[in-house]
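Peer 1: To start, I am sharing the structure in question, which I have written as structure tokens.
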Amino acid sequence: MPKLIVTNGDSAAERLREAGIKGHIIPWRDMLHDGPVPAATLLDDVSDVRADFLSSALGLPFDEVRADFAHRDAQMEVHSAYGEVELWFEHDLYDQLQLIQILDYLAHEPERMGVSLVQASHYLAVMELGDLRALEAHRAPVTHVQMETAREAWEAFTAPTPRLLSSFLERPHEALPYLSPALSRLVCELPAPDSGLSLTEERILRHLAGGPMKVAHLFAAVHSMDQAQFLADLPFFLRLDGLAFAHEPLVTGLPFRSSEAPSLSFTPGEDGAAERSYRAYAAAEVSLTPAGAAALKGTFDHAANNGVERHLGGTRICAGAMWRYDRAAGRLVLPN
């Protein structure tokens, strides 16, 4: 019988094909670390919310995004028609959130025989072909403990407050060894107590404290600071937008909001409107404002003063529900 393979995106899917890994491959295209994620088991319910967010945040046509999710979900929903289901995922936050979504979905399915997991400590899209083939040989059946760990993690991630997520991280979870480090990185995207900055925002400002930088160089510098790199260019641009177009801007120099440009998704070399917009944004030189410098000192609260509103999984972070995370103490700070 044919085999179903699920992995993190198009680049990984193509690399698996190049390595001769046989099966029908589904790329799971969703940056679940950004935007609302509802507490739902049905893929359709999650996809409705995610398509709405991604189309708005990234300037993509809603119908195209929703159709892509519908096609993906339909293939996943007939998983029992395959002899095997192989999940290929990396160690970083982007992948680990996708993995727990899929395992949570499978945990609620009446039939889920033949599910195995390939866990990679490196990035699939850049691995040597021989290493990918060797990795497949080490695939292992998904255990009940792994299913339950993923189900609990997904419930915590999609909860309306980060309390469950914080509690989840207080206990070891050896069954999925990359999950706790990834989720620990996730909670660092909550605003800090004094500055109101997420870890990524703070890193952006600290780099700019040394002087103006082009967006492309700033992205590379911030991206490299994570041992398990998860943040792609477009979600990085969203964070930069939030700092530049706030009521009291923390950075200056962006030519436009990335979400207001023609879709920044393109095939390199097309030289269309999307590629030209991307180049203009990436080439812009940004610098720190006085408010940005004050935030770094902890004397300007970006989250409170700029009315930050965003989601971390199921948690809506906003005025009146400004959940924070003290990164130095490693503890959740409840809203006042």
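Peer 1: So, of the residues in the range 178-194 that are assigned to a loop (DSSP other than H, G, I, E, B) and not aliphatic (A, V, I, L, M), which turns out to be nearest to C318 (Cα to Cα)?
Peer 2: The selected residue is P191.
Peer 1: How many of the residues in the range 195-217 are open to solvent by 40 Å² or more (accessible area, probe 1.4 Å) and not in a helix (DSSP H, G or I)?
Peer 2: Residues meeting the conditions: 5.
Peer 1: Consider F69 against the criteria (1) among the hydrophobic types (A, V, I, L, M, F, W, C); (2) under 23 Å from H173 (Cα atoms); (3) under 20 Å from the mean Cα position of the chain (by Cα): it satisfies all of them except one. Which criterion is unmet?
Peer 2: Every condition holds for F69 apart from (2).
Peer 1: Next question. Here is a list: T299, T267. Which entry is among the polar types (S, T, N, Q), open to solvent by 30 Å² or more (accessible area, probe 1.4 Å) and at pLDDT 75 or above?
Peer 2: T299 is the lone residue from the list that is among the polar types (S, T, N, Q), open to solvent by 30 Å² or more (accessible area, probe 1.4 Å) and at pLDDT 75 or above.
Peer 1: So in the range 157-172, with the set limited to residues that are in a helix (DSSP H, G or I) and in contact (Cβ under 8 Å) with a residue 40 or more places away in the chain, which one is most open to solvent (accessible area, probe 1.4 Å)?
Peer 2: Applying the filter and picking the extreme gives R163.
Peer 1: Can I ask one more? Going residue by residue through the range 19-36, is there one that turns out to be assigned to a loop (DSSP other than H, G, I, E, B), small (G, A, S) and open to solvent by less than 10 Å² (accessible area, probe 1.4 Å)?
Peer 2: The answer is yes, given that some residue of the range 19-36 is assigned to a loop (DSSP other than H, G, I, E, B), small (G, A, S) and open to solvent by less than 10 Å² (accessible area, probe 1.4 Å).
Peer 1: Of the conditions (1) open to solvent by less than 50 Å² (accessible area, probe 1.4 Å); (2) farther than 24 Å from R50 by Cα; (3) in a helix (DSSP H, G or I), A175 satisfies every one except a single condition; which number is it?
Peer 2: (3)
Peer 1: Follow-up question, since we're still on this one. All but one of (1) open to solvent by 70 Å² or more (accessible area, probe 1.4 Å); (2) modelled with pLDDT of 90 or more; (3) more than 30 Å from Q98 (Cα to Cα); (4) not in a loop (DSSP other than H, G, I, E, B) hold for R276; which doesn't?
Peer 2: (2) is the only condition that R276 fails.
Peer 1: Within the range 58-138, considering only helices (runs of 4 or more DSSP H) that don't extend past its boundaries, which have at least 2 residues that are closer than 29 Å to P36 by Cβ and touching a helix residue (DSSP H, G or I) at 6+ places or on another chain (Cβ under 6 Å)?
Peer 2: 62-77, 93-107
Peer 1: Six or more apart or on different chains, Cβ atoms under 6 Å: show the pairs whose first residue is in the range 271-284 and without any contact (Cβ under 8 Å) to a residue 24 or more places away in the chain and whose second is open to solvent by 20 Å² or more (accessible area, probe 1.4 Å) and among the small types (G, A, S).
Peer 2: Listed by first residue and then by second, the contacts come to A274/S263.
Peer 1: Kindly indicate the residue of the range 127-143 that is modelled with pLDDT under 95 and surrounded by fewer than 12 Cβ atoms within 10 Å (Cβ to Cβ) and also nearest to the chain's Cα centre (by Cα) among those meeting that condition.
Peer 2: Taking the candidates together, the pick is H138.
The values are calculated or read from the model by the stated rules, or taken from the named source; none is laboratory data. As the structure is a prediction and not an experimental result, all values here were calculated from the model. No Cβ is skipped: glycine too gets one built from the backbone with ideal geometry, and neighbour counts run over all protein chains shown. Heads up: the accessible areas ignore ligands, DNA and RNA and are worked out on the full protein's heavy atoms, side chains in. Shrake-Rupley method; radii C 1.70, N 1.55, O 1.52, S 1.80 Å.
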